[in-house]
Amino acid sequence: MARWLRQSTQVCACVGPFIKVSDGITAVAGADVVSGGCRLKKNNANWVPAKSDVFTNEDGGGPFFEVALSAGDVDTLGLLRWTCYPSAAFSIFQVWEDFMVVDPVTYDAYFGTGPIRADVNVWNHTSVASHAAGVPVVDVLTWEHVSAASVVVSANVGQWRGTVVSAPTTSGSIPVDVVYWNHGSVAGIVTAGAPSINLVTWAGSPVSAMPGAPGAVAGSVDVSSWGGKAGRAEHQRRDMGR
């Protein structure tokens, strides 16, 4: 199995064994084991000279050596075959090693110590680039280590059902049931919990004059309270005007 190397990262790789042909047992010791230099075949491309021929006997006279592979030696993703030519002074078996050069993100995910970053491009066979088709459905159970059942989440909503909510249109507006207003419950019509509203349009047309009917636009409103007091019957209001 090819050993993994991190792309464009210098490494001292173990190569060998270097064994004499004469008996097939005796190790070749010493750094002078190459004459034509080291060669590399990067992902099935043509053979090229390695940028480094530096050898170090790594096991105290044994048959294995370390060879320094530069960042340029391991700059191409895929299978990397390394080999060297024996010098005239030694008659040894041919030596080669196979490596697999992988991208830094993948290598660090397997052998690094930091957290793994994941970018999700497809969800349920659909691209997540669109805001609707490929969006995962998520049930949030906790928020900042607190149960989501008791947490109020602050959110800036840019779209609602595929429509921008920057303009107050019917298609882009969010239906909301108001339970509290200014920290007061709106269950009962009380001053503390009653919203203050400036009426600008009625049935899609601007309200041009107040008081009185808003021009050609007529609206029907049942007022149950005003200023925290219950509304009176029509005949009582007429009596008060006398």
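The values are calculated or read from the model by the stated rules, or taken from the named source; none is laboratory data. Just so you know, these numbers come straight off a predicted model, no measurement behind them. Note that each Cβ is placed from the backbone with ideal geometry, even for glycine, and that neighbours are counted across all protein chains shown.
Things worth noting here:
- Meets criteria (outside the structural domain of residue 45 (by TED's automatic domain parsing), modelled with pLDDT under 85 and within 18 Å of the chain's Cα centre (by Cα)) for residue 148: no
For (1) assigned to a helix (DSSP H, G or I); (2) charged (D, E, K, R), each residue gets a yes or a no:
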{"site": "74", "(1), (2)": "no, no"}
{"site": "82", "(1), (2)": "no, no"}
{"site": "99", "(1), (2)": "no, no"}
{"site": "106", "(1), (2)": "yes, no"}
{"site": "110", "(1), (2)": "yes, no"}
{"site": "117", "(1), (2)": "no, yes"}
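- When each of 67, 48 is tested for being at pLDDT 80 or above, of a type in the set (A, V, I, L, M, F, W, C), assigned to a strand (DSSP E or B) and surrounded by fewer than 17 Cβ atoms within 10 Å (Cβ to Cβ), the lone residue that passes is 48.
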